[in-house]
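Participant: First the structure, then my questions, so here it is.
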Amino acid sequence: MSTRLLSPPVLEFELPPTEDELLYDDGMPMATLRHRLQMNLLIEPIELAWADRDDFFISGNMFVYFSPNQVMDYDFRGPDFFAVLGVPKRERKSWVIWQEGKGPDVIIELLSESTARQDKSEKKQIYQNRLRVPEYYWYDPFTAEWAGFTLQKGVYQPIRPDKAGRLISSQMNLALVHWDGVYGDVEARWLRWATLDGVLLPTGREWAEQERERAEQERERAEQERIRAEQAEAEAAALGQMLARYQAQFGDLPDNI
């Protein structure tokens, strides 16, 4: 979200360095609570929805190194959200393109008053011309301004909202949607992922709530089955008692009944 020049520490390595040799933490927190929450809201549901996959890496506010020159300057901070598809799912300290063999497939920047101009111009040009990121989006967590771009013949073209007002990500096979609600005790209009069928990818808390509701429904069904079984047993017992009284008074029932 923010970009600034750093005073590079003295490092000893031979180019090209790996993630273990590169700076991966500049100690700078996110600008606002809402920006941090928005970043988490983009990352967490994907990790949950794709928990059984091992062919992707998703992170945010992490350095993405794309040029050896960048190593010496430390003048570019990582995107607020990025996804790389078709790579092993493992922990990284930073994303080093020459080490991984590819760059991000999707990048989302969260706008702020201090970074909006740069996110819309300089960073957009870097993502288009140098990283060749197939899809780039930006979103303002306070104004809900958003835009999406897809790389076509080396140039970003706008992604137009569909009839439902969504931005469709062909890379993720998902939709980006506006969602009005409470997340992290903050009520706002959030940017969220949804399936192409219109189902929001749930957060951990929503997932737990859905599981609780399913468990409650299962308990209710089990209780209803128990009540029906008890009723059927009671009816069978009552019928047996009636039959016993009949037999005591009139004898056994005729065989043709």
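Taken together, the values in this text are just the output of simple stated rules run on the coordinates, not laboratory data. A quick note: this is a predicted structure, and the numbers were derived from the prediction, not measured. Because the Cβ atoms are built from the backbone with ideal geometry, glycine has one as well, and the counts that use them run over all protein chains shown.
Participant: What does the charge add up to near Q152, with Lys and Arg as +1, Asp and Glu as -1, over the other residues with Cβ less than 12 Å from its Cβ?
Facilitator: +1
Participant: Which value in nm describes the separation of the simple spin-label points at A164 and L48, placed 7 Å from the Cα toward the beta carbon?
Facilitator: Here the answer is 1.9 nm between the modelled labels.
Participant: Taking the simple approach of a point 7 Å from Cα along Cα-to-Cβ for both R90 and E113, what is their distance in nm?
Facilitator: Using points 7 Å along Cα→Cβ, the separation is 4.4 nm.
Participant: Would the range 33-200 count as rounded, prolate or oblate if I go by the C-alpha gyration tensor, calling it rounded below 1.5 in a/c and otherwise prolate when a/b exceeds b/c, oblate otherwise?
Facilitator: Rounded is the answer for the range 33-200, as its axis ratio a/c remains below 1.5.
Participant: Related question: Give K123/K153; K102/K123; K89/K120; K123/K163 a once-over and call out the pairs whose C-alpha atoms are over 21 Å from each other.
Facilitator: K89/K120; K123/K163
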